[in-house]
Amino acid sequence: METERVKCLIIGSGPAGYTAAIYAGRANLAPVLYSGLQPGGQLTTTTDVENFPGYPAGIAGPDLMEDLRKQAERFGTDLRYGVATSADLSTVPYKITIDDEKIIETDTLIIATGATAKYLGLADEKKYAGLGVSACATCDGFFYRKKVVAVIGGGDTACEEASYLSGLASKVYLVVRKPFLRASKVMQERVFANEKIEVLFEHNAVGLYGEKKVEGMHLVKRMGEPDEQRYDLPIDGFFLAIGHQPNSDIFKPYLDTDEVGYILTEPGTPRTKRPGVFAAGDVADPHYRQAITAAASGCMAAIEAERYLLSKR
Ligand code: NDP
């Protein structure tokens, strides 16, 4: 298989990957970045980004990512299309196989492969993507001021998103498939004390309807039980909060992850347990998952990579 040797390999092209590339490029590390399956990452699927500092009028997600891509390119990053299909981090140089056809050997590796929001798998989620369906309340909640929204899920994320949205929307339905919440007690109490949130236990959302955008959801109460009930509920926004899946599978044999798969790093740093291997952005962040926090950790990873290489001279 064709093999190429580089000093700094970045995998992923979201805010973490591109920011790492900007810093690594400016530090003369001649970074090579592989964009992954979705060049630009999760932000390419959102409309307006209004919370990224520096854009008082907001910016479209794809435009922000295009700007970051150009900025990374300006400082000499070798940007390539391709997906990391396997990894061997047992010895230095680390070896990453791209598209099962080429091996990149690298002294430093920045893993910025992100996380993928889980969806229910309904055809309507795709049909109404960007038209009322969202997997990020912090990103899109603002568009639902004084409107009615539903949040799907019963974990901490769902409770947090429902609480956040209740500050904007006129009404929030929390659609929970079990007869109880999985979220921590304090989150549950917050939800139950909030007059704007109505928890629909033992409910499954099975579809959406609406002329051009979401106007309502099809619900099933006590699905599969003798007293099953089907009905429709008008809503303007449908927010998925059933968990994220970090894209860390190929690295798991070599790095520590939590039970979900988030890569564990030294607290407050992007350092993994392998020297010269850093994890930045959502692949290592179950808590904040924001473009700006991903960008910040990408910056930290590039600075760490530079210092690591200096220490090896
Ligand atoms: P969780 O896995 O904890 O919860 C997912 C929720 O979605 C569960 O209620 C689950 O239901 C539900 N769900 C999953 N699949 C489906 C489906 N197909 N249909 C309907 N419902 C579904 O994920 P979270 O993202 O909430 O949390 C991930 C981790 O991050 C947790 O450890 C959490 O504690 C942590 N976290 C902490 C926060 C904080 O402390 N502030 C904030 C956010 C997250 P069921 O219970 O039936 O399986």
Requested in this report: Return the pairs, sorted by first residue and then second, in which the second residue is assigned to a strand (DSSP E or B) and polar (S, T, N, Q), the first residue lies in the stretch 95-107 and is under 15 Å from Gly36 (Cβ atoms) and open to solvent by 50 Å² or more (accessible area, probe 1.4 Å), the beta carbons are less than 7 Å apart, and the residues are 6+ apart or on different chains.
Outcome: Asp99/Thr85; Asp100/Thr85
Query raised in the report: Is it the case that Pro53 is at pLDDT below 95 and open to solvent by 30 Å² or more (accessible area, probe 1.4 Å)?
Result: no
Query raised in the report: Does the stretch 172-193 contain any residue that is more than 11 Å from the ligand (Cβ to nearest atom) and assigned to a loop (DSSP other than H, G, I, E, B)?
Result: yes
**Report entry** Residues satisfying the stated conditions in the stretch 164-212, i.e. touching a residue at least 40 places away in the same chain (Cβ under 8 Å), of a type in the set (A, V, I, L, M) and under 19 Å from Ala137 (Cβ atoms)
**Finding:** Leu165, Ala169, Val175, Ala205, Leu208
Query raised in the report: If you go through the stretch 117-135 one residue at a time, how many are touching a helix residue (DSSP H, G or I) at 6+ places or on another chain (Cβ under 8 Å), within 14 Å of the ligand (Cβ to nearest atom) and closer than 18 Å to Tyr288 by Cα?
Result: 1
Report summary line: Of the residues in the stretch 66-81, those that are surrounded by fewer than 19 Cβ atoms within 10 Å (Cβ to Cβ) and in a loop (DSSP other than H, G, I, E, B) come to Phe75, Gly76, Tyr81
**Report entry** Failed criterion for Val199 (all others in (1) open to solvent by 40 Å² or more (accessible area, probe 1.4 Å); (2) over 18 Å from Leu122 (Cβ atoms); (3) of a type in the set (A, V, I, L, M); (4) part of a strand (DSSP E or B) hold)
**Finding:** (1)
Query raised in the report: In the stretch 255-267, how many are more than 16 Å from the ligand (Cβ to nearest atom) and either closer than 16 Å to Ile11 by Cα or at pLDDT below 95 (or both)?
Result: 1
Report summary line: The residue that is least open to solvent (accessible area, probe 1.4 Å), considering only those in the stretch 14-46 that are of a type in the set (Phe, Trp, Tyr) and assigned to a helix (DSSP H, G or I), is Tyr18
Report task. Quick one: which residue in Lys213, Lys252 is closer than 17 Å to Tyr144 by Cα, open to solvent by 20 Å² or more (accessible area, probe 1.4 Å) and away from the ligand (no atom under 11 Å from the Cβ)? Result -> Lys213
Requested in this report: For His287, state whether it is within 16 Å of the ligand (Cβ to nearest atom) and either within 20 Å of Gly14 (Cα to Cα) or touching a residue at least 40 places away in the same chain (Cβ under 8 Å) (or both).
Outcome: yes
Query raised in the report: Taking the condition outside the structural domain of Ile59 (by TED's automatic domain parsing), open to solvent by less than 10 Å² (accessible area, probe 1.4 Å) and more than 16 Å from the ligand (Cβ to nearest atom), does Ala162 pass?
Result: no
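The values are calculated or read from the model by the stated rules, or taken from the named source; none is laboratory data. A quick note: this is a predicted structure, and the numbers were derived from the prediction, not measured. A quick note on method: Cβ atoms are made from the backbone with ideal geometry, for glycine too, and the neighbour counts reach across all protein chains shown. Heavy atoms of the whole protein, side chains included, go into the accessibility calculation; ligands, DNA and RNA do not. Shrake-Rupley method; radii C 1.70, N 1.55, O 1.52, S 1.80 Å.
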